[in-house]
Amino acid sequence: MRQVGKTWLPQENREAAQAYEARLKRSYLYGAFTDTIQKLAAKPFARPVTVSGGLQEQLGAIGANADLEGRDLTHLARSVFSDALKYGLSHVLVDFPSNGGGLTLAEERATGQRPYFVQISPLDLFAWKVGRGADGSNRVTEIRFKERRTEYGEGFLEDEAQYIRVINEEGYELWRESQNGGEWAKIEEGPHSFGRVPLVTYYSQRTEFMEATPPLEDLAWLNIAHWQSLSDQRNILRFARVGILFMSGVTEEELEAGVTIGPSQMISSTNPDARLSYVEHTGRAIQAGEADLAALEKRMEVLGLSPLVERTGGTTATGRAMDEARTSTNIQAWIRALEDTLAQAYGIASEWIGASLPDDFAIDIFNDFGIGVKASEDTKNLITMGQSGLISHETLLQEIKRRGILSDEVDVEAEAEQAKTEADTALLSPPPAEEVEAGE
């Protein structure tokens with residue numbers, strides 16, 4: 001946020017550049033968006049992803065090392081899920097180690113070669129071509145995505161080299177950027193045996209084919225509003241904490257002689273009507289800023305919980321009773337879509353090695369953690385009661401924990417004590433003094 005500067009923290013009219021830079025450096029981000037992404041992404045993967053069905057040996061190895069870099073299927077799936085929470089989609093490329101085309105299937109198995117999954121961030125996959133399949137559906141016929149590799153020179157020299165990989169239905173190309181930047185050279189190319197682009201795209205909020213919108217975008221905008229408001233709040237505190245010295249009735253000679261402020265110092269004037277006093281901030285703007293920040297934080301908290309809130313589906317055409325309608329949460333729908341994405345990736349991997357998935361093949365990701373509509377309303381009411389002082393902070397935490405919103409590992413008494421300590425610390429700052437008129 002500091003790097004983009006004026007994009008999200010505008011410079012005020014007539015604000016000096018030096019003053020703006022100082023204000024920008026004092027600003028800090030309340031990471032509600034990042035925190036929400038991390039918490040939502042952690043819930044489905046509190047338990048390992050399970051793959052059932054009698055898989056062929058090459059496919060069975062994917063679960064323990066999905067990307068050939070040590071990440072198991074659970075960690076890779078969590079990373080894909082997290083990307084889709086941020087950007088609305090993510091990609092899984094099914095790849096196969098290059099053997100130069102000289103090995104048979106039996107030799108590949110003997111050497112342990114197998115398909116593996118590569119996560120591609122939507123920020124890296126920057127171009128693609130679309131064609132029509134035999135059934136008329138959209139099909140990706142070419143993709144281009146960025147790769148970054150650390151390359152080592154003499155001694156301890158390291159350099160992060162930029163690459164672009166192109167994959168189409170027949171083969172691939174690898175391009176490298178020159179050290180000076182701006183120029184690209186093809187350094188590798190070759191065929192692949194799959195016959196299609198082995199890419200599966202996972203959507204959390206699809207808009208078009210290969211396009212999506214971030215499901216938590218509203219939360220991100222609120223977080224930016226909080227960034228701006230908190231910057232204003234800290235800036236006004238800087239001025240409110242220092243009183244402004246007001247002098248009147250002092251001669252020019254006395255002013256030119258200088259005024260020393262501090263202990264064991266006395267200020268005098270030959271004018272009997274001279275006045276010296278401090279003008280201080282009333283604190284009303286500070287209180288308004290605090291209220292704005294609190295309101296923004298509450299809205300962000302509600303938006304962060306919304307993917308976990310159960311939503312009731314409509315009745316069926318046969319007129320089932322309303323209480324028989326299925327309920328689900330947004331996050332549960334996203335998990336089901338991720339299960340389907342991983343199943344498609346396994347399907348591509350099996351097809352590549354000439355095998356087929358067993359009839360009982362299934363992928364299961366934990367999803368039994370939604371907050372029911374009633375529990376959500378209860379939580380809002382509990383928060384209101386806590387803010388109004390009708391219940392203690394410890395009782396509030398106990399009730400929220402009982403509804404499954406807080407983890408079982410949370411120590412309610414310790415959290416309540418910590419919150420009290422933080423509140424007491426905040427009270428150590430003296431209240432803003434009322435403005436003192438000159439001469440009083």
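Mind checking the full-extension length gain between E301 and A414? Use 0.36 nm per residue of separation minus the Cα-Cα distance, one decimal, nm. Intermediate results must be reported in sequence, preceding the final value.
On the way: separation 113, 0.36 × 113 = 40.68 nm, distance 2.15 nm.
Using 0.36 nm per residue and subtracting the Cα-Cα distance, I get 38.5 nm.
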Karplus-derived 3J(HN,Hα), 6.51/-1.76/1.60, for each residue of the range 385-390, Hz, glycine and proline x: 5, x, 5, 8, x, 6
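Every read-out reported here was derived from the displayed coordinates using simple, explicitly stated rules and does not represent laboratory data. From a predicted model like this one, the values you see are computed outputs, not experimental measurements.
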